[in-house]
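Before any comments, here is the structure.
Computed from the coordinates by the stated procedures, all read-outs in this text should not be read as laboratory data. Because the structure is a prediction, the values reported are computed rather than measured. When we count neighbours, we look across all protein chains shown, and the Cβ atoms used for this are built from the backbone with ideal geometry, even at glycine.
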Amino acid sequence: MDLKYKYKTTSVEHLKELHSYINELDRQGKLSDNERFRRYVSSDRFTLPENFPDARFIVVLAHFTPLMLVNFLLNNTEHEIMLPPECYYSQMTDHDWAKLIEEEIIKQPGYRIDAWEPIPLKLLAVRSGLGRYGRNNICYVDEMGSFISLHGFLTDFEFAEDNWQEVKMMGNCESCQICMFECPCDCIREENFVVDALKCITWYNERNGEFPGWMDPGIHNALLGCMKCQMSCPANEQALEFTGRFEDIPQEDTINILNGTIDEAALESVSRIFGPFTGAEIKDFTPILQRNLSVLIDPVAP
């Protein structure tokens, strides 16, 4: 599929509203007290960076990133494993997106365009009207479903259109509870679309450390993240038609990953999926990859 994206523009003046919304959820007791989670919703994420105080608008983009599959070869067996959106290398850099914004969206040279990672992009995408929440707390965009990667950019360009709306859930979710029944950890709540993040597989398998004792090894289903609720969601029916596939990972490389000894050949295989690594990055990522692949290939493995 060709590069497919959608975008909305919204004034930086709405950052205060985003922060107020998060604070209200906190007052209602809907947010976790976990220290790591708190960093995702800290007040500094809703403040313009000191080096760009004159930013005027935020451009939030949704890039269609289809579900990808890859076979890890081991003992004459193909172990087909899923890679969710945002978990693999898309080849579009921040520089590429900034150039696209200048040429296809602003259409005027000379304006500053900076990538901005701290802002909670899922919430921003929904408030800007780019997407809507599913009951599973995931952002959905028309035609793309939840198979998207989100990007936020600050600019000093003054757009004529300031998109803003109240938080909305997809209409079909009101009468559908498929994701609730599919979630193996019961982290999706019926009363609202704020999930119990510390029950979610994704919270654990994208970080170093042992899985909690209450987590059945058999519930893991993707190399990173979790696809249980998204695979069964009716809103993803169209997007699933574009599922792609990476080259197979040879047996020798699979063995090295499982042993935690990623040599040059295994690193090349991994880099085809996750992109180029620095030495420090591969050192940090190796234990995660080893643990996750082990439990997917052998669910009884520690």
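Candidates Phe159, Cys187, Gly131 compared by Cα position along the dipole of the stretch 118-207: farthest toward the positive end lies Cys187, with charges placed on Cβ. Basic side chains Lys and Arg get +1 at the Cβ, acidic Asp and Glu get -1 at the Cβ, and with that the dipole of the chain about its Cα centre reaches some 680 debye.
Against the chain, whose longest principal axis comes from its Cα atoms, helix 15-27 is set at around 60 degrees. Ratio of Rg to Rh for the stretch 155-302: 1.05 [Cα atoms; Kirkwood radius as inverse mean 1/r over pairs].
Farthest towards the positive end of the charge dipole of the chain, among the residues Cys173, Asn75, Pro287, is the Cα of Cys173, using unit charges on the Cβ of Lys, Arg, Asp and Glu.
Ranking Ile255, Phe147, Pro49 by Cα position along the charge dipole of the chain, where only Lys, Arg, Asp and Glu carry charges on their C-beta atoms, puts Pro49 farthest toward the positive end. The charge dipole of the stretch 174-286, taken about its Cα centre with unit charges on the Cβ of Lys, Arg, Asp and Glu (plus for the first two, minus for the last two), comes to roughly 160 debye.
Net charge near Arg189: determine it from the other residues with C-beta under 13 Å of the C-beta of Arg189, scoring Lys and Arg +1 and Asp and Glu -1. Spell out each step's value before the answer.
Working: positive: Lys30, Arg135, Lys199; negative: Asp186, Glu190, Glu191, Asp196.
Taking every Cβ under 13 Å from that of Arg189, the sum is -1.
Once C-alpha pairs closer than 8 Å and six or more residues apart are averaged by separation and normalised to the residue number of the stretch 110-189, the relative contact order reads 37 percent.
What separates the Cα centres of the stretch 120-135 and the stretch 205-255 is a distance of 23 Å.
The relative contact order of the stretch 51-174, computed from alpha carbon pairs under 8 Å that lie at least 6 residues apart in sequence, is 36 percent. The helix-only estimate of mean residue ellipticity at 222 nm for the chain, built from DSSP H runs of length n ≥ 4 each weighted as -39500 (n - 2.57), is -8000 deg cm²/dmol after division by the residue total. Among Val194, Val141, the ranking by other beta carbons within 10 Å of each residue's beta carbon, starting with the fewest, stands as Val194, Val141. Each Lys or Arg adds one and each Asp or Glu takes one away; over the other residues whose Cβ falls under 11 Å from the Cβ of His79, this sums to -4.
In what sequence do Leu69, Leu100, Leu130, Leu18 fall when counting other Cβ within 10 Å, fewest first?
Ordered from fewest to most neighbouring Cβ atoms within 10 Å, Leu69, Leu100, Leu130, Leu18 come out as Leu69, Leu18, Leu100, Leu130.
Give Lys4/Lys228; Lys8/Lys168; Lys122/Lys168; Lys168/Lys228; Lys8/Lys107 a once-over and call out the pairs whose C-alpha atoms are over 18 Å from each other. Among Lys4/Lys228; Lys8/Lys168; Lys122/Lys168; Lys168/Lys228; Lys8/Lys107, the Cα-Cα distance tops 18 Å for Lys4/Lys228; Lys168/Lys228. In this entry, the chain is assigned a mean projected area of 16.6 nm², taken as a quarter of its C-alpha convex hull surface.
Full-extension gain between Asp156 and Arg245, please, as 0.36 nm times their residue separation minus the C-alpha to C-alpha distance.
Difference between extended and current length: 28.1 nm.
Exposure proxy shown here: for His95, His14, His151, the number of other Cβ atoms within 10 Å sets the order, fewest to most, as His95, His14, His151.
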